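Every number in this text was worked out from the coordinates using simple rules, so none of it is lab data. Bear in mind that the values here come from a model prediction, so they are computed numbers and not experimental data.
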Amino acid sequence: MNSEILLNNIDKIHTTKMGVDRIKKNLKLYTEDVVDYCIKKIQDKNCHITRIGKNWYAEIDHSIITVNAHSYTIITAHLMK
């Protein structure tokens with residue numbers, strides 16, 4: 001399964017300072033460790049992972065986490081409408 005590539009590289013997932021701020025705002029999070037939060041969501045058995053172009057999209061709990069497929073940087077996350 002294609003999603004195994006993302007899951008096998010879970011230890012490479014990271015984000016930038018701006019990414020942390022954006023993810024916290026978009027998902028209304030109060031945790032300081034948004035990377036750990038996102039990793040746990042991506043690893044959840046109910047998470048639906050797809051790759052479109054250069055990004056992975058992890059859908060879970062009415063939110064989408066976007067991860068760059070090459071650098072494993074969490075670009076953004078937002079609540080589904």
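Here are a few things to note about the model shown:
- Segment Asp44-Lys25, length gained on full extension (0.36 nm per residue, minus Cα span): 4.6 nm
- Cα pair distances exceeding 13 angstrom across segment 3-79, given as percent: 61 percent
- Counting only residues at least eight positions apart within a chain, or on another chain, the aspartates and glutamates with an alpha carbon under 19 Å from that of Lys81 are Glu59, Asp61.
- Residue-by-residue Karplus 3J(HN,Hα) for segment 68-81, coefficients 6.51, -1.76, 1.60, Hz, glycine and proline x: 5, 6, 9, 9, 6, 8, 6, 7, 6, 8, 8, 7, 6, 8
- Acute angle (nearest 10 degrees) that the helix 17-27 long axis makes with the longest principal axis of the chain, alpha-carbon atoms: 80 degrees
- Rounded to 5, percent antiparallel among DSSP beta bridges of the chain: 95 percent
- The chain: angle of helix 34-43 to the longest principal axis, Cα-based, in degrees nearest 10: 30 degrees
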